[in-house]
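Written out below as structure tokens is the structure these notes cover.
The values are calculated or read from the model by the stated rules, or taken from the named source; none is laboratory data. This one's a predicted model, so the numbers in the text were calculated from it and none came from an experiment. Because the Cβ atoms are built from the backbone with ideal geometry, glycine has one as well, and the counts that use them run over all protein chains shown. Ligands, DNA and RNA are stripped out before the accessible areas are found, and what is left, the full protein with its side chains, is counted by its heavy atoms. Shrake-Rupley method; radii C 1.70, N 1.55, O 1.52, S 1.80 Å.
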Amino acid sequence: QVQLVESGGGLVQTGGSLELSCVVSGNPKDIYLIKFYRWYRQAPGKQREWLASVAGGATANYADSVKGRFAISRDTAKSTVYLQMNSLKPEDTGTYYCSAAAAGDYWGQGTQVTVSS
């Protein structure tokens, strides 16, 4: 089993920045099988939206809505995945989830981000 715990959310003004963290823990054999990590966002009344992913080789991909503003990274030594968010907009408001993809998907509990206009 793998556990993911997100943190770093909060209230920020338009144009501000936040860094989200996702700490990965659990069975080392299960963690070893993780192929890539993803960040998602779910705004009120909307479907969960994929934002960014990073693979074992640190290749990152981004949704068009966040490309150039968000950056995903991994610190293997700290077992943590990050999402640096810059130039935040009110439409970035939502609950942010970390996910790890192996044979199945693991999910964290989410962290709330609110961007005020």
>> If T111 meets every condition in (1) touching a Lys or Arg at 6+ places or on another chain (Cβ under 9 Å); (2) under 14 Å from L51 (Cβ atoms); (3) of a type in the set (S, T, Y) apart from one, which number is that one?
In response: (1)
>> For the structure I just gave you, tell me whether Y40 is within 20 Å of G104 (Cβ to Cβ), in contact with a Leu (Cβ under 7 Å, 6 or more places away or on another chain) and hydroxyl-bearing (S, T, Y).
In response: yes
> When the residues of the range 12-36 are filtered to those that are surrounded by fewer than 15 Cβ atoms within 10 Å (Cβ to Cβ), under 17 Å from the mean Cα position of the chain (by Cα) and of a type outside the set (S, T, N, Q), which remaining residue is farthest from A103 (Cα to Cα)?
Replying inline: E19
>> touching a residue at least 12 places away in the same chain (Cβ under 8 Å) and open to solvent by less than 10 Å² (accessible area, probe 1.4 Å): is that true of A101 in this structure?
In response: yes
>> Given the options G110, G45, name the one that is on the phi > 0 side of the Ramachandran plot, surrounded by 15 or more Cβ atoms within 10 Å (Cβ to Cβ) and out of contact with any Pro (no Cβ under 7 Å at 6 or more places or on another chain).
In response: G110
> So which strands (runs of 3 or more DSSP E) stay within the range 17-117 end to end and still have 1 or more residues that are among the β-branched types (V, I, T) and farther than 17 Å from S7 by Cβ?
Replying inline: 49-55, 111-116
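Let's see how each residue does on (1) within 11 Å of the chain's Cα centre (by Cα); (2) surrounded by 15 or more Cβ atoms within 10 Å (Cβ to Cβ); (3) under 21 Å from G10 (Cα atoms):
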residue: R38; (1), (2), (3): yes, yes, yes
residue: D75; (1), (2), (3): no, no, no
residue: T95; (1), (2), (3): yes, yes, yes
residue: V115; (1), (2), (3): no, yes, yes
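Could you tell me whether E6 is at pLDDT 95 or above, surrounded by 19 or more Cβ atoms within 10 Å (Cβ to Cβ) and either closer than 30 Å to S116 by Cα or under 10 Å from the mean Cα position of the chain (by Cα) (or both)?
Yes.
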> For the range 48-68, what are the residues that are β-branched (V, I, T) and loosely packed, with under 13 Cβ neighbours inside 10 Å?
Replying inline: T59
